[in-house]
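Scroll down for the structure; my scribbles are underneath it.
The values are calculated or read from the model by the stated rules, or taken from the named source; none is laboratory data. Everything quoted here is computed from the prediction, not taken from an experiment. Glycine gets a Cβ as well: all are built from the backbone with ideal geometry, and neighbour counts include every protein chain shown. Remember, those area values only see protein heavy atoms, side chains included, never the ligands or the DNA or RNA. Shrake-Rupley method; radii C 1.70, N 1.55, O 1.52, S 1.80 Å.
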Amino acid sequence: MSTAQVEQILEDPAHSVRERLAEAATDEGVLRRLANDPHPLVRASVALNDAVPVDVLQTLAQDGRARVRSAAAASRRLPYEALTPMANDRSVEVQWHVLVSNPERLDLAAEIAEHSDAMNADQARSQLQHPGNFTGPLDQVEIVKPVDREDFLY
């Protein structure tokens, strides 16, 4: 696409048109602009794009809309330290995506297993009991085990 065509899409009033651009774009400048789009579905699409710079993804992980934060958690590209606080996000949808999109993070599953949302807590307990059932498709990921709180008792 030409620069003029991209500009036209960026200005299109239909958010669905901008979403398609957010899904397909590889240009960092275009993705940065779309990450600031007023529509949350456009920002969520940016978060799921493998070409989005990690710093932009980290910003989207702190978006005011749960849909956008969920997409960032589902991307599997967030750094360890950026994903960690998302296990305690105010949205159970975000917690769910942290859990199922990052099954190797048993440390986060242990936290979510203690939450009040039954669906998330049950899923977290399943992942803790049988981690290989969930990490197998990821092919050789390193499991991050929960810290045993008893280790800190003196």
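Quick look at the values:
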item	result
Residues of the chain: accessible area per residue with a 1.4 Å probe, Å²	57 Å²
Longest to shortest principal axis, alpha-carbon extents of segment 1-144, angstrom	53, 31, 22
Length gained when the stretch residue 91-residue 62 is fully extended (0.36 nm per residue, less Cα-Cα span)	9.2 nm
With eigenvalues of the C-alpha gyration tensor scaled by 5 and rooted, segment 15-79, Å	15, 13, 9
Point-charge dipole on Cβ atoms (K/R +1, D/E -1) for segment 1-105, about Cα centre, debye to 20	300 debye
Two-site FRET efficiency, residue 3 against residue 55, from Cβ-Cβ distance with R₀ of 30 Å, rounded to 0.05	0.80
Residue (of 17, 56, 84) at the positive-pole extreme of the chain, dipole from beta-carbon charges	17
Length gained when the stretch residue 16-residue 107 is fully extended (0.36 nm per residue, less Cα-Cα span)	29.1 nm
Distance between modelled label sites at residue 143 and residue 122, nm, 7 Å Cα→Cβ extension	2.4 nm
Percent carbon-and-sulfur accessible area, segment 22-134, ignoring ligands, DNA and RNA, probe 1.4 Å	49 percent
